[in-house]
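Everything on this sheet refers to the single structure shown next.
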Amino acid sequence: MEPKKIKNALISVYHKRGLDEILKLLAEQDVQIYSTGGTKDYIEKQGFQVHTVEALTTYPSILSGRVKTLHPKVFGGILARREEGHLAELEEYQIPEFDLVIVDLYPFEETVASTDDEAAIIEKIDIGGISLIRAAAKNYNDVLVVPSVSQYEALAQLLAKKQGFTDLEDRKHMATQAFQISSHYDTAIYHYFIGDGVKHALKVSMQDGSELRYGENPHQMGQYYGDFAHMFEILGGKPLSYNNLVDIDAAVNLMREFVGERPTFAVLKHTNACGLACRDSVSQAWQDALAGDPISAFGGILICNQEIDLETAEEIDKIFYEVLIAPAFAADALALLQKKKKRILLRIKHYDVQNRQYKSLLNGVIQQDTDLRTETIADFTTVTKIAPSDEQIADLLFANKLAKHLKSNTIVLAKESQLIGMGCGQTSRVDALKQAIVKAKALGFSLQESVMASDAFFPFPDCVEIAHDAGVTAVIQPGGSIKDKDSIKAADDRAMVMVTTGIRHFKH
């Protein structure tokens with residue numbers, strides 16, 4: 001197919017920066033420019049001739065600017081195929097052929113990020129602009145569409161190189177970009193209307209992805225789509241990998257449970273916490289989190305809810321880890337940690353979590369609400385004859401928070417706000433408990449006076465019996481089994497405490 005000469009251009013943009021060079025090239029190439037509103041005023045101020053859309057349509061901009069370009073004389077010139085029948089209609093109705101459409105949409109995402117004024121946000125939903133983009137992209141066989149300010153430079157280079165002509169390859173490439181931008185824009189609006197709340201989540205779409213070294217394994221390709229800089233400042237280390245990102249997500253979701261509480265440290269491996277402790281100092285929280293499983297901590301993800309001081313940094317520096325996350329680092333601590341060039345250091349700015357989760361599987365995608373539920377004492381129902389003490393309540397809350405973030409089936413054993421044993425990802429709850437007990441004993445922990453948390457109910461009393469024999473004195477679980485009474489009786493027979501929450505936290 002022969003290259004096509006650009007004769008008429010329609011320009012309707014929000015961002016004007018970078019438009020000057022394009023206007024100059026269009027003028028040099030005798031392209032007739034049509035525009036409206038603020039874009040027309042800008043073009044005239046730059047000294048270029050412009051035809052008004054209002055003169056073409058014989059209608060003024062109406063409804064406070066909501067309707068400017070939505071007219072057959074505009075869309076006819078864009079959508080007409082350059083063939084005898086369509087061209088005859090254009091001539092009959094005195095409609096120009098638009099060969100170039102330049103659009104930059106209203107800044108919907110930026111508006112959502114900067115205000116909670118719903119009226120202002122709704123006004124930034126572009127109707128005419130998105131319609132122009134889709135129409136021009138659909139007719140890429142004859143029309144070149146420029147869908148964003150980010151494409152201005154590419155257009156200027158194309159105009160200069162080909163002197164106002166375009167090839168089918170050029171037009172199809174830009175149409176592809178146009179539909180990507182259109183899809184991203186509509187997705188952002190959708191997330192706003194369904195109330196996703198976390199404003200930065202609007203920026204996450206299949207646009208502007210960054211290449212990762214590889215996926216879970218070297219033979220798998222990987223990409224990240226999102227705004228990592230919104231949540232983190234990278235202070236050192238090698239580029240992030242697919243597995244790093246998955247583990248970081250798990251770490252942030254877990255530590256979100258302890259924001260605002262006393263110093264808390266967690267160690268994660270393959271998205272599961274293998275160490276967690278709350279203490280009166282950051283250094284002690286680190287030492288006791290590490291003690292939860294020092295072998296698994298090798299190459300792990302570390303996260304703290306407080307500033308990392310030099311004393312703690314010196315201890316952390318003794319082991320190999322992949323990522324260390326904290327809200328702040330003391331200057332001397334950061335200087336020390338940055339000496340290990342490959343270890344990733346992240347300053348977390350906030351713990352925003354998206355309200356919805358997505359996962360691709362089979363021949364599609366599944367979606368669910370994010371599990372944002374965290375139980376408090378108000379959710380506790382004591383089902384045994386003995387009620388929990390204040391110390392037990394603190395440990396039960398601690399253990400229950402952690403159980404929520406471990407792969408099912410899971411059991412958490414905790415004592416004095418420290419993880420001392422856990423079993424996760426097991427096909428039976430009994431196996432998860434046995435794994436937790438074995439790990440605790442192998443690390444030298446005493447299970448006497450410890451507590452147990454389960455992510456789901458006990459269908460049989462066996463876990464209660466095994467836990468009691470190991471030294472556990474208090475249990476927290478959702479309840480809801482038709483055989484709850486059997487587990488409750490087992491606890492009462494052994495003078496144990498049991499509380500139920502009514503909330504299950506399966507994590508697959």
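The values are calculated or read from the model by the stated rules, or taken from the named source; none is laboratory data. Computed from a prediction, not measured in an experiment: that's the story for all the values here. Because the Cβ atoms are built from the backbone with ideal geometry, glycine has one as well, and the counts that use them run over all protein chains shown.
Observations, loosely collected:
- When residues of the stretch 453-508 are limited to those that are among the basic types (Lys, Arg) and more than 37 Å from the chain's Cα centre (by Cα), the one surrounded by the fewest Cβ atoms within 10 Å (Cβ to Cβ): LYS485
- Yes/no for VAL101 being buried (at least 20 other Cβ atoms within 10 Å of the Cβ), at pLDDT 90 or above, over 31 Å from the mean Cα position of the chain (by Cα) and under 23 Å from THR52 (Cβ atoms): yes
- Hey, GLY38 small (Gly, Ala, Ser), in contact with a helix residue (DSSP H, G or I) (Cβ under 9 Å, 6 or more places away or on another chain) and under 24 Å from ILE130 (Cβ atoms) or not: no
- Boolean, ALA201 is modelled with pLDDT under 95, buried (at least 18 other Cβ atoms within 10 Å of the Cβ) and within 29 Å of ARG373 (Cβ to Cβ): yes
- For GLU416: the one exception among (1) among the acidic types (Asp, Glu); (2) within 19 Å of ILE377 (Cβ to Cβ); (3) touching a residue at least 60 places away in the same chain (Cβ under 8 Å): (3)
- Checked against (1) touching a Lys or Arg at 6+ places or on another chain (Cβ under 9 Å); (2) among the hydrophobic types (A, V, I, L, M, F, W, C); (3) crowded, with 16+ Cβ neighbours inside 10 Å, ILE308 passes all but condition (1).
- Of the numbered criteria (1) closer than 14 Å to VAL259 by Cα; (2) touching a strand residue (DSSP E or B) at 6+ places or on another chain (Cβ under 6 Å); (3) not aliphatic (A, V, I, L, M), the one GLY299 fails is (1).
- Neighbours by Cβ (under 8 Å, 6+ apart or cross-chain): first from the stretch 31-53, basic (Lys, Arg); second buried (at least 21 other Cβ atoms within 10 Å of the Cβ): LYS40/VAL53
- Qualifying positions in the stretch 375-405 - among the basic types (Lys, Arg), assigned to a loop (DSSP other than H, G, I, E, B) and within 36 Å of the chain's Cα centre (by Cα): LYS404
- Among the residues of the stretch 472-494, those that are under 14 Å from ILE411 (Cβ atoms) and either of a type in the set (A, V, I, L, M, F, W, C) or outside any strand (DSSP E or B) (or both) comprise VAL472, ALA474, VAL475, ILE476, PRO478, SER487.
- Residues satisfying the stated conditions in the stretch 331-374, i.e. in contact (Cβ under 8 Å) with a residue 12 or more places away in the chain, among the polar types (S, T, N, Q) and not in a loop (DSSP other than H, G, I, E, B): GLN357, GLN368
- The stretch 234-277, residues that are β-branched (Val, Ile, Thr), surrounded by fewer than 23 Cβ atoms within 10 Å (Cβ to Cβ) and under 14 Å from VAL353 (Cα atoms): VAL246, VAL252, VAL259
- Top-ranked residue of the stretch 44-84 - restricted to ones that are over 39 Å from the mean Cα position of the chain (by Cα) and closer than 18 Å to HIS15 by Cβ, ranked as surrounded by the most Cβ atoms within 10 Å (Cβ to Cβ): VAL50
- Of residues in the stretch 147-186 being among the hydrophobic types (A, V, I, L, M, F, W, C) and without any contact (Cβ under 8 Å) to a residue 60 or more places away in the chain, the one surrounded by the most Cβ atoms within 10 Å (Cβ to Cβ): ALA178
- Here GLU314 meets each of (1) assigned by TED's automatic domain parsing to the domain that holds LEU240; (2) in contact with a helix residue (DSSP H, G or I) (Cβ under 8 Å, 6 or more places away or on another chain); (3) closer than 25 Å to GLU261 by Cβ; (4) surrounded by 15 or more Cβ atoms within 10 Å (Cβ to Cβ) with one exception, condition (4).
- With respect to the conditions (1) touching a strand residue (DSSP E or B) at 6+ places or on another chain (Cβ under 6 Å); (2) over 24 Å from ASP170 (Cβ atoms), LEU70 lacks only one, and its number is (1).
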